[in-house]
Structure formats: structure tokens, C-alpha cells
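S.K.: Shown below is the structure under consideration.
Read-outs: derived from the displayed coordinates by stated rules, not from any lab. These numbers come from a predicted model, not from an experiment. Every residue, glycine as well, gets a Cβ built from its backbone with ideal geometry; the counts of neighbours run over all protein chains shown.
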Amino acid sequence: MSAYRDGDKVVVMVPSRLSKAEEEQWIATILERLAERERRRRPTDADLQSRARDLSRRYLHGRADPVSVRWVANQRARWGSCTPDDGTIRLSTRLRGMPGWVVDYVLVHELAHLLIPGHGADFWELVGNYPKADRARGYLEGVAAAAHLPLEADAPDDDVTSIHHGDGLHPGGEFPHEAAG
């Protein structure tokens, strides 16, 4: 049995030996599993907010408390951004559909910026509490490379009042983002 999307439709393939009742039961089960998988891969703003709070508790000792966390469609060159002054975090809709551990990494990165605006050793120590940080950075580097984004950054690490890293990746594997302060 298998299922896949074809535009707006879901195509479900089941063995012909199933009775009509078995077929309907399996189709309902497969559609439910598909819907749940899509919900997990496309969390709502409320899901992001809840996830950010959980990640803060688990990896930042609960010290980062975002006021809002939401998806935005206007970040074409960054994966995420935050404004420490008002506690807001924004994630690019380009992250939707990526593995949850990658989205979690971006959330941890931005949560760490609520506590430390720059990219010094203390910042990376906080981000390093997330066990899949290096793996997620590598994943995002691969996505950026496939999209032909430059791999070098123009902005210096300590310039936290401007948009960091232009359209590229920060040397050392950081993803494009913004920290406004």
C-alpha cells in the first residue's frame, strides 16, 4: 500500500485482493497518517510558539521566553530572524516541510539571540546545547548550496544591529538570519 500527492489529490494504491470494506478502512488509515505527517511538517504559528518554549526549557534552561514566534513569507535570504527588544522570532516559510530537527535548530538559534545578540563563543555555546546543531547547520548549508546562495558572509559577526550575512551563509556553517537589536 502506498499514497502520494498528485496536485490537490491524494492517490492511494491498495492491493486488489482487499474487500471493499478493507479497502475503505485502509484508505482512511493511510489518509489519516498522511494528514498527521503533513501537520507535523507544517506547524502553525501556535505550534511554533509552543515548540520554542519547549526548546528553551530543554536546551536554554528556560531563559529565552519569546513573545511571539511565527512564519513569514518575506524572508527569502534568511532562515530566521529575531528582535530581542520585543521578543519576536520569525521563521522563513522556506523551512516548512524540512525535517523537524532542522526547524528546531533554527528556533534554538533564534532563541539564543534573545539572550545573546552576537555570534561570539557564548552564543555558540548556547546553540551547541541542541544536540543536532551541527547536523542541522550542514543540512541548511546543503539547501543553500543547491539554491546557489553564496557561502561567504559580507557582514562582520559583531555587527548585530544590521541584517547579518546578506544572502549567504556565515563562515563556519551558520545559516542566514537577522538579529535586530
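S.K.: Please list the three semi-axes, largest first and in whole Å, of the ellipsoid equivalent to segment 97-143, using sqrt of 5 times the eigenvalues of its alpha carbon gyration tensor.
M.R.: Computed over segment 97-143, the values are 19, 10, 9 Å.
S.K.: Which of the peptides 87-94, 132-139, 13-20 is most tightly packed, and how do the rest follow, going by the mean number of other Cβ atoms within 10 Å of each residue?
M.R.: By packing density, highest mean first, the sequence is 87-94, 132-139, 13-20.
S.K.: Would you be so kind as to identify which of Ala28, Ala3, Val14 lies farthest towards the positive end of the dipole of segment 2-41, taking Lys and Arg as +1 and Asp and Glu as -1 on Cβ and the Cα centre as origin?
M.R.: Most positive-ward Cα: Ala3.
S.K.: Using per-residue counts of other Cβ atoms within 10 Å, averaged over each peptide, order 1-12, 22-33, 68-79 from highest down.
M.R.: Averaged packing, sorted descending, gives the order 68-79, 22-33, 1-12.
S.K.: To two decimal places, what compactness ratio does segment 2-41 give when its Cα radius of gyration is scaled by 2.2 N^0.38 Å?
M.R.: 1.22
S.K.: Beyond 21 Å, what share of the Cα-Cα pairs of segment 1-67 remains, rounded to the nearest whole percent?
M.R.: 49
S.K.: Something else about it: Label points 7 Å out from Cα along the Cβ direction at Asp134 and Asp45: separation in nm?
M.R.: Simple spin-label model gives 3.7 nm for this pair.
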